[in-house]
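Q: Okay, handing you the structure first.
Read-outs: derived from the displayed coordinates by stated rules, not from any lab. Not measured: the values here are computed from a predicted model. Reconstructed Cβ throughout: ideal geometry from the backbone, glycine too, with neighbour counts over all protein chains shown.
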């Protein structure tokens, strides 16, 4: 027992709360109104990884695992929709509002994975450094400006399409340096992404991959969409061009995938990378 | 290599520059005096700035009255200075947000803080007042650890917290107990503020 808790001024209570793990913070917030108001003001917890696993196992449950700096090693599970809505999502909201999440992964391709991040409360912006997998557009709108550093999206257009143009203009993505994007299709041959990457001066090894059906889609289409670019190398299957950073170039490559499907790959490479090393350098 | 087998080297002691250590004298609010090394004082940002501003020489330290610390008692100050002496020379944690803070309570600190809650409470206050970052960290962490693994009901007992119902009842009682005239004055003041009058004067 520590009977002097109520005699501590708020700033010293906050000094204590900053050492509490996530579970204890949630529970302290459940004791009374005063503490409930205090807990969100405490220094944010560092969550090293938050992995959401909403695969369609029995009854569409939600599971996630969390590893934090204050010793949390949680594997909560919410077995049905009612539990997810009443406890799962409020807990996720609490985590995102009271933590700096170094890595959020939501890798399942099921629609339910994206659903898990819909409708979360956000009185404070979410601070997430790396995101992998998928999330709905309104989730990104709740994220703090410039929070993302690494972005790794898969199957963005599989069911509920995200507008990549709008997404890349969101404040939360403006400091993202390393990107890995995979689309089913991309309406402008990835030109909007390429232009944004040049503007953000993203890191080498950033890649984007999308597919088109039909032989009529070529590298020329990409070059047209890009407008004025300073081309370094041009073949039927590849174009290499300069960026604003003289240490970096970009390439767009077209490869036959399967049947009549062609795979297009945009990549940021070092300006001094030799052609023979493309394959080994761009690891998709 | 054992101590017996270590090579013996003649040392001309006069040739070794002797670092003169300075010990400051502090006095608690119950008139207990402490001598604390210059290096230990560096753990406290408040005291460090104070002694720097005073610019005492070794003679001043001996001849002038001990520096009074008005709001900390001797028992607490003894713990504070024991901690500072033990941790002297250690880097003071800087909160730049770049790395997650992980603090383990060292054995020495755990023993030092094996004290009653009243004294722990005073120690937290003193660490905050004297701005001793790491002492504040470990003492607050000790209080945080008391909550580890507890349910909300258990937490209410650990920290003597009211329930929401008790909270509401206390708020109502406080409002009822308030002097009606004082309440009128407050309401009048709030009304004036709303109307743009900035004060009663």
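Q: Report the calculated FRET efficiency for residue B:57 and residue A:6 (r = Cβ-Cβ distance, R0 = 51 Å), to the nearest 0.05. Write down the numbers at each step before the final one.
A: Working: r = 46 Å, r/R0 = 0.91.
After rounding to 0.05, the efficiency reads 0.65.
Q: If Rh is defined by the Kirkwood formula over all Cα pairs and Rg also comes from Cα, what ratio Rg/Rh do you get for the protein assembly as shown?
A: Answer for the protein assembly as shown: 1.11.
Q: Determine the relative contact order of segment A:176-243: mean sequence separation of Cα pairs under 8 Å and six or more apart, normalised by residue count, in whole percent. Could the numbers behind the result be given before it?
A: Details: 73 pairs, mean separation 22.7, N = 68.
Relative contact order comes out at 33 percent.
Q: Pairing the Cα long axis of helix A:89-98 with the longest principal axis of chain A, what angle in degrees results, from 0 to 90 and rounded to the nearest 10?
A: 90
Q: A further question follows. Of the candidates A:49, A:172, A:163, which one comes out as most mobile in a Gaussian network treatment of chain A with C-alpha springs shorter than 10 Å?
A: Fluctuation is largest for A:163.
Q: Kirkwood hydrodynamic radius for segment A:2-113: how many Å is it when counted over pairs of different Cα atoms?
A: That comes to 15.1 Å for segment A:2-113.
Q: Under the classification rounded if a/c is under 1.5, otherwise prolate if a/b is larger than b/c and oblate if not, where does segment A:109-233 fall, given a ≥ b ≥ c as square roots of the Cα gyration tensor eigenvalues?
A: Details: a/c = 2.46, a/b = 1.50, b/c = 1.64.
Because a/c hits 1.5 or more and a/b fails to exceed b/c, segment A:109-233 counts as oblate.
Q: With the crude spin-label approximation of a point 7 Å out along Cα→Cβ, what separation in nm comes out for residue A:83 versus residue A:123?
A: Between residue A:83 and residue A:123, the simple spin-label model gives 2.7 nm.
Q: In addition: Quick check: from the Cα gyration tensor, does segment A:1-43 come out rounded (a/c under 1.5), prolate or oblate?
A: Values: a/c = 1.36, a/b = 1.23, b/c = 1.10.
Rounded is the answer for segment A:1-43, as its axis ratio a/c remains below 1.5.
Q: Continuing with this model, one more query. Multiply the residue gap between residue B:35 and residue B:114 by 0.36 nm, knock off their C-alpha separation, and tell me the result in nm, one decimal place.
A: That works out to 26.1 nm of additional length.
Q: Related question: Kirkwood hydrodynamic radius, computed over distinct alpha-carbon pairs, for segment A:183-284: how many Å, to one decimal? It would help to have the intermediate numbers written out before the result.
A: Details: mean 1/r = 0.0735 Å⁻¹.
Its Kirkwood hydrodynamic radius stands at 13.6 Å.
Q: Sticking with this one: Can you run the Rg to Rh ratio on chain A? Use alpha carbon positions and the Kirkwood inverse-distance Rh. Write down the numbers at each step before the final one.
A: On the way: Rg = 22.5 Å, Rh = 21.0 Å.
Radius of gyration over Kirkwood radius for chain A works out to 1.07.
Q: Going by the alpha-carbon gyration tensor, a ≥ b ≥ c the square roots of its eigenvalues, is segment A:44-176 rounded (a/c under 1.5) or, if a/c is not under 1.5, prolate (a/b greater than b/c) versus oblate?
A: Numbers: a/c = 1.68, a/b = 1.15, b/c = 1.46.
Verdict is oblate for segment A:44-176.
Q: Which residue, A:194, A:176, A:87, has the most motion in a Gaussian network model of chain A that connects Cα atoms within less than 10 Å?
A: Checking each option, the largest mean-square fluctuation is seen for A:87.
Q: Separation of segment A:15-55 and segment A:220-253 by C-alpha centroid, Å?
A: 48
Q: Quick one: compute the contact order of chain A, relative version, from alpha carbon pairs under 8 angstrom and 6+ residues apart, as a percent. The partial results should precede the final answer.
A: Numbers: 553 pairs, mean separation 28.3, N = 284.
Computed value for chain A: 10 percent relative contact order.
Q: Which FRET efficiency value, to the nearest 0.05, do you get for residue A:138 and residue A:201 by plugging their Cβ-Cβ distance into 1/(1 + (r/R0)^6) with R0 = 25 Å?
A: FRET efficiency, residue A:138 to residue A:201: 0.35.
Q: Let me ask something else about it. Once every DSSP H run of n ≥ 4 in the protein assembly as shown is given -39500 (n - 2.57) and the sum is divided by its residues, what mean residue ellipticity at 222 nm do you get, rounded to the nearest 500 deg cm²/dmol? Don't jump to the answer; show the numbers that get you there.
A: Working: 20 runs with 172 residues, N = 485.
Value at 222 nm, helices only: -10000 deg cm²/dmol.
Q: Could you please state, rounded to a whole Å, how far the C-alpha centre of segment A:62-104 is from the C-alpha centre of segment B:79-139?
A: 32
Q: Report the relative contact order of segment A:183-284, percent, no decimals, based on alpha-carbon pairs under 8 angstrom and at least 6 residues apart.
A: Working: 166 pairs, mean separation 30.1, N = 102.
The value is 30 percent.
Q: Regarding segment B:43-139, what is the average projected area of its C-alpha convex hull, in nm²?
A: Details: hull surface 29.3 nm².
Answer in nm², one decimal: 7.3.
Q: Under a GNM of chain A (C-alpha, springs under 10 Å), which listed residue has the highest mean-square fluctuation: A:231, A:52, A:150?
A: A:231
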